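The values are calculated or read from the model by the stated rules, or taken from the named source; none is laboratory data. These numbers come from a predicted model, not from an experiment. Reconstructed Cβ throughout: ideal geometry from the backbone, glycine too, with neighbour counts over all protein chains shown.
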Amino acid sequence: KGREGERGERHRGEEEDLHRHERFRRKLGLSIESYEVLRQLMRAERSAAGSEARQQELAGMVADMNNLLKAYLDSGATDAGPADTE
């Protein structure tokens, strides 16, 4: 194959990935921004694998974000109706 063929295949693969991600994002009911946070979290999990220090650092960041989200939800609980207990 020539360079043009390889580029075309790569471009098709990238387009398929974008469509797959978009379908998954919509299935989850996430905004583009929230889905990007999820993707970054997955990348960070993979990056921290094998390093206890990085795993602990990431666990702290995730705990902080979880606490922020809980506080956000608690502050709007009267406006949004029953809280989700998951």
Please report, ordered by residue number, the helices (runs of 4 or more DSSP H) entirely within segment 30-86 with at least 1 residues that are modelled with pLDDT of 95 or more. 32-48, 52-75
First in segment 1-29 and under 14 Å from Arg39 (Cα atoms) and surrounded by 10 or more Cβ atoms within 10 Å (Cβ to Cβ), second anywhere and modelled with pLDDT of 90 or more and of a type in the set (S, T, N, Q), Cβ under 9 Å, 6 or more apart: Arg25/Ser31; Arg25/Ser34; Leu28/Ser34
